[in-house]
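Okay, structure first, notes after.
The values are calculated or read from the model by the stated rules, or taken from the named source; none is laboratory data. Just so we're clear, the structure is a prediction, and the values are computed from it rather than from any experiment. Note that we place each Cβ from the backbone using ideal geometry, even for glycine, and neighbour counts take in every protein chain shown.
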Amino acid sequence: MNDDRAMTADLINRRTLLRAASISVVALMIPYAQAAMPDEVASAIRELIGDALPRDSGIVLQVPETAENGAVVPVTVLVDSPMTAERHVRAIHLIATKNPTPGIASFQLTPAAGRAQVSMRVRLAESQTLLVFAEHSDGVVSRAAADIKVSVGGCLT
């Protein structure tokens, strides 16, 4: 009987050791999030707005100063626009400067939207600057930026 208990205890210890080793190997295989290089951010911006020179005005960007969890960061963008057929916001783009993939969201708008506003939750890999660009129907591009501190990153790759 004692031999059975010793064998069972030995088997449990082996299982525990193997399980812990397996978890460690998997954890080592998960790559850490790599921040986008400045060239990648510039390329993403160029891809979205072309050669337009953005101006710093007309956008209200509502984000938390510190995000406890980078996986669910609330963001609201409000662009000052009458949203008429003649003058409206055509698109709103968000860029995260230190995410593995900088372009995190693009929204296409029409005057039927009635208001140039979008709200969402985004993933941020680490503390970084969030950039917002709004393309207007007359070709003007507005820009806003906000620095967000992230306590726990929300991106693995």
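Quick check: anything in region 134-150 among the β-branched types (V, I, T), surrounded by fewer than 19 Cβ atoms within 10 Å (Cβ to Cβ) and without any contact (Cβ under 8 Å) to a residue 40 or more places away in the chain?
No.
Restricting the search to region 127-140, which residues are part of a strand (DSSP E or B) and either not assigned by TED's automatic domain parsing to the domain that holds V73 or not charged (D, E, K, R) (or both)?
We begin by selecting, within region 127-140, every residue part of a strand (DSSP E or B); these are 128-136.
Q128, T129, L130, L131, V132, F133, A134, H136, listed by residue number.
One residue is enough: does region 141-151 have a residue meeting the conditions farther than 25 Å from R87 by Cβ, in a loop (DSSP other than H, G, I, E, B) and either touching a helix residue (DSSP H, G or I) at 6+ places or on another chain (Cβ under 7 Å) or modelled with pLDDT of 95 or more (or both)?
Restricting attention to region 141-151, the residues satisfying the condition of being farther than 25 Å from R87 by Cβ are 146-151.
Imposing the further condition that a residue be in a loop (DSSP other than H, G, I, E, B) reduces the set to none.
No: zero hits.
Of all the residues that make up region 83-126, how many are closer than 22 Å to A52 by Cβ, of a type in the set (A, V, I, L, M, F, W, C) and either touching a His at 6+ places or on another chain (Cβ under 9 Å) or assigned to a strand (DSSP E or B) (or both)?
Count: 13.
Report yes if E126 is surrounded by fewer than 21 Cβ atoms within 10 Å (Cβ to Cβ), within 27 Å of D39 (Cα to Cα) and in contact with a Gly (Cβ under 7 Å, 6 or more places away or on another chain), otherwise no. Full working, then the answer.
Details: surrounded by fewer than 21 Cβ atoms within 10 Å (Cβ to Cβ): yes; within 27 Å of D39 (Cα to Cα): yes; in contact with a Gly (Cβ under 7 Å, 6 or more places away or on another chain): yes.
Yes; evaluated as a whole, the condition is true for this residue.
Going through L94, L109 one at a time, which residue ends up being within 18 Å of A44 (Cα to Cα) and crowded, with 21+ Cβ neighbours inside 10 Å? Lay out the reasoning, then the answer.
On the way: L109 fails: within 18 Å of A44 (Cα to Cα).
Of the residues listed, the single one that is within 18 Å of A44 (Cα to Cα) and crowded, with 21+ Cβ neighbours inside 10 Å is L94.
Would you check if there is a residue in region 53-72 being small (G, A, S), touching an Asp or Glu at 6+ places or on another chain (Cβ under 7 Å) and either assigned to a helix (DSSP H, G or I) or under 13 Å from V132 (Cα atoms) (or both)?
Yes, region 53-72 contains a residue that is small (G, A, S), touching an Asp or Glu at 6+ places or on another chain (Cβ under 7 Å) and either assigned to a helix (DSSP H, G or I) or under 13 Å from V132 (Cα atoms) (or both).
Is one or more of the residues making up region 101-124 under 9 Å from the mean Cα position of the chain (by Cα) and free of Cβ contacts under 8 Å to residues at least 24 places away in the same chain? Quick ask: steps written out before the conclusion?
First pass over region 101-124, keeping only residues under 9 Å from the mean Cα position of the chain (by Cα): 101-105, 121-124.
After this cut, where a residue has to be free of Cβ contacts under 8 Å to residues at least 24 places away in the same chain as well, the list is 104-105.
Yes, because at least one residue in region 101-124 is under 9 Å from the mean Cα position of the chain (by Cα) and free of Cβ contacts under 8 Å to residues at least 24 places away in the same chain.
Quick one: which residue in A33, A9 is more than 25 Å from G153 (Cβ to Cβ), at pLDDT below 95 and either not assigned by TED's automatic domain parsing to the domain that holds S137 or not in a strand (DSSP E or B) (or both)? Before you say what the answer is, go through the steps one by one.
Numbers: A33 fails: more than 25 Å from G153 (Cβ to Cβ).
Going through A33, A9 in turn, the sole match is A9.
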